[in-house]
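Shown next, in structure tokens, is the structure this report addresses.
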Amino acid sequence: MKDFKVIEIKKSVYESNDKEAESLRQELKDQELFLLNLMSSPGSGKTSTVLRTIEALGEEMRIGVLEADLDSSVDAGTVAETGTKVIQLHSGGMCHLDALMTREGIEALGTEGLDLAILENIGNLICTAEYDTGAAKNAMILSVPEGHDKPLKYPIMFSMVDVLLVNKIDAMDFFDFDMSKLTEYVTRLNKDIKIIPISAKTGEGIDQWADWLRNEVKNWKQNK
Amino acid sequence: MHELGVVIDIVKKVENIARANSLTTIDTLVLQIGELSSMIPRYVESCYPAAVDGTMLEATNLRIEILPAAARCRKCSSVFNPLKHEDCCPHCSAKEADITAGREFMIKEIIAC
């Protein structure tokens with residue numbers, strides 16, 4: 001009979017990713033590159049928000065975009081039409097990006113001369129929240145048609161992001177969306193969160209979002 | 001069902017630990033999953049055979065321990081299970097609480113030789 005013994009490991013499954021993310025964040029800090037991790041459900045308007053962001057800030061800072069998808073390069077093609085530096089990442093069936101995949105993407109994009117890199121994460125509110133990508137800040141988009149009760153269903157995501165963009169506010173009249181309830185649910189989970197209502201379609205609220213981002217990029221470069 | 005990729009990653013980690021400790025046979029892998037983790041134990045179990053196929057862990061047993069959720073009330077500081085009390089403090093009825101446990105996903109131990 002073999003002599004089996006218990007070998008204690010006691011390691012978080014996320015530990016190695018957390019370490020990788022921390023070292024990537026430090027490297028990006030040294031290079032003065034602000035990485036924004038943008039997350040949301042599929043169809044909430046990530047790509048159109050990215051386009052609006054480029055429109056608002058593209059003249060004052062150099063922006064690069066990492067488009068993550070399970071497959072295809074539809075989004076990267078759309079962003080590339082603006083003349084912005086963009087790279088398509090395929091997660092190979094994984095439903096989130098981890099720090100290692102983000103690092104590979106950043107390296108492939110080339111950080112030279114960039115001020116802001118936007119990582120358009122995979123459309124998913126579940127495990128994208130649990131994998132630190134090494135980003136300076138985390139943002140998520142919730143669109144009006146998805147409903148104000150989403151924070152109750154996906155608490156982890158809402159509790160870890162720095163800013164919440166409430167997109168498609170131009171469609172508010174067609175949905176029973178309660179902004180004050182949303183704010184109540186979200187701040188219960190995350191008291192420091194910044195909520196910015198926007199419409200990527202009409203451009204409403206984009207200036208506020210651009211102000212927030214401009215300020216964060218500035219702080220990131222200053223507090224080296 | 002987003003567990004498979006993560007379980008494949010766990011299998012790789014365990015293989016590395018086994019090699020580093022000169023272990024040749026693994027009998028059981030013990031994972032701990034918090035009640036608030038996005039990993040669903042039932043799905044971790046069902047994708048396990050696929051994840052271990054052709055690896056050192058192919059013939060191993062999987063055991064999952066559930067770690068209870070806990071939250072601390074921001075008003076009265078009492079600690080309670082947010083799932084059992086629907087995010088509402090059972091002592092002072094406040095709805096603002098900070099999660100202190102339940103999101104873990106740990107490789108606890110292996111039984112091997």
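All of A:ASP132, A:ASP170 fail the test of being within 16 Å of the chain's Cα centre (by Cα) and either open to solvent by 20 Å² or more (accessible area, probe 1.4 Å) or within 14 Å of another protein chain (Cβ to nearest Cβ) (or both), apart from A:ASP132.
The residues of the stretch A:79-94 that are under 12 Å from A:LEU66 (Cα atoms) and among the β-branched types (Val, Ile, Thr), listed by number, are A:VAL79, A:THR84, A:VAL86, A:ILE87.
Annotation for the stretch A:66-74: at least one member residue is farther than 30 Å from B:GLU104 by Cβ, under 18 Å from the mean Cα position of the chain (by Cα) and in contact (Cβ under 8 Å) with a residue 40 or more places away in the chain. Considering the stretch A:7-123, the qualifying helices (runs of 4 or more DSSP H), each wholly inside and each with 1 or more residues that are surrounded by 18 or more Cβ atoms within 10 Å (Cβ to Cβ) and within 14 Å of chain B (Cβ to nearest Cβ), run over A:15-30, A:99-109. Restricted to the stretch A:182-216, and to residues there that are surrounded by 14 or more Cβ atoms within 10 Å (Cβ to Cβ) and among the basic types (Lys, Arg), the residue that is farthest from A:GLU59 (Cα to Cα) is A:ARG188. Picking from residues in the stretch B:84-101 that are at pLDDT 90 or above and under 20 Å from B:MET39 (Cα atoms), the one that is nearest to the chain's Cα centre (by Cα) is B:ALA101. The set of residues from the stretch B:94-113 being out of contact with any Phe, Trp or Tyr (no Cβ under 6 Å at 6 or more places or on another chain) and under 30 Å from B:SER22 (Cα atoms) comprises B:GLU104, B:PHE105, B:MET106, B:ILE107, B:LYS108, B:GLU109, B:ILE110, B:ALA112.
The values are calculated or read from the model by the stated rules, or taken from the named source; none is laboratory data. Computed from a predicted model, the values in this text were never measured in an experiment. Virtual Cβ from ideal backbone geometry, glycine too; neighbours counted across all protein chains shown. We work out accessible area using only protein heavy atoms, side chains counted, and drop any ligands, DNA or RNA first. Shrake-Rupley method; radii C 1.70, N 1.55, O 1.52, S 1.80 Å.
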